[in-house]
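Data first, discussion second: the structure below is written as structure tokens.
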Amino acid sequence: MAQTDSMPAGNVTSSRRRLPKMDSTPAGNATSRRRRLPGTDSTPAGNVTSRRRRLPGTDSTPAGNVTSSRRRLSGMDSMPVGNTTSGARRPPRRTGSMPDPIPSFRFRVELDGIIEAGFTECKGLGMRWKVFQYKEGGVNDYAHQLPERVEYSKITLKRGVALSSALWHWCQQGILDGRVSRKNVSIVLFDKVGEELREVKRWNLRDAFPIKWKGPDLRADSKKVAIETLEIVHHGLTLDEGR
């Protein structure tokens, strides 16, 4: 037999070949005989993330942060997790200031360029197309709408009874012979700019004449202003922008 080392007889491992040399680590360390994975840190065994490879681009944040192992999306701000508006799109900014609507109480009525009196109410500015409806055979999903002519609404003017009788005489013309007096009427809207009134809109009525006049309602127990009403028709409506 091959010569053995001269070891005491009580050592039962004397006749066994010695194993390759191992690290002299304490027996209680369960990780001493396990090979370390490449790229892992020598962290304590209690850290469950020590044996996991770190993803490229992630931060070394504590294990309690659930977002540590998630890659950050490109273009997003590093905002706290509780902020849910980090990825929301911001509304577009307004450029310039929006003008306020023009009030309706600053207006006047001109008859052939002459301001006869201040009116308290003006309504009826409008126009519409008269349409002929043609139903073509075999076309069941719609009917042809063909324009015929333009119709203009009647204009109603109201004002307080004044000493002047110009509107009354205008209504009386043409009663006997049918020759009415046609006038060009302008309804002008103003807006206040600083301390001055500026004209912003002018509606021009062509060849207008009155078709109805109504006097005021009189009551002895009322303190209201006496109002007369004038209704006119015309041959066309145009608009001039502010001067």
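Considering only the stretch 174-211, how many residues are without any contact (Cβ under 8 Å) to a residue 12 or more places away in the chain and either closer than 18 Å to Glu231 by Cα or of a type in the set (S, T, N, Q) (or both)? Number satisfying all stated conditions: 3. Going through (1) within 18 Å of Pro216 (Cα to Cα); (2) surrounded by 13 or more Cβ atoms within 10 Å (Cβ to Cβ) one by one, Lys154 falls short only on (1). Might you check whether a residue that is surrounded by fewer than 16 Cβ atoms within 10 Å (Cβ to Cβ), out of contact with any Ser or Thr (no Cβ under 9 Å at 6 or more places or on another chain) and hydrophobic (A, V, I, L, M, F, W, C) occurs anywhere in the stretch 220-231? Yes: the stretch 220-231 contains one or more residues that are surrounded by fewer than 16 Cβ atoms within 10 Å (Cβ to Cβ), out of contact with any Ser or Thr (no Cβ under 9 Å at 6 or more places or on another chain) and hydrophobic (A, V, I, L, M, F, W, C).
Are there any strands (runs of 3 or more DSSP E) wholly within the stretch 162-242 with 1 or more residues that are over 23 Å from Gly124 (Cα atoms), and if so which? Walk me through it before giving the result.
Details: elements: 183-193, 196-214, 227-233, 237-241.
The strands (runs of 3 or more DSSP E) meeting that bar are 183-193, 196-214.
Each value in this text was obtained by applying a stated rule to the coordinates, not by laboratory testing. Note that the structure is a prediction, hence the values are computed from the model and not measured. When we count neighbours, we look across all protein chains shown, and the Cβ atoms used for this are built from the backbone with ideal geometry, even at glycine.
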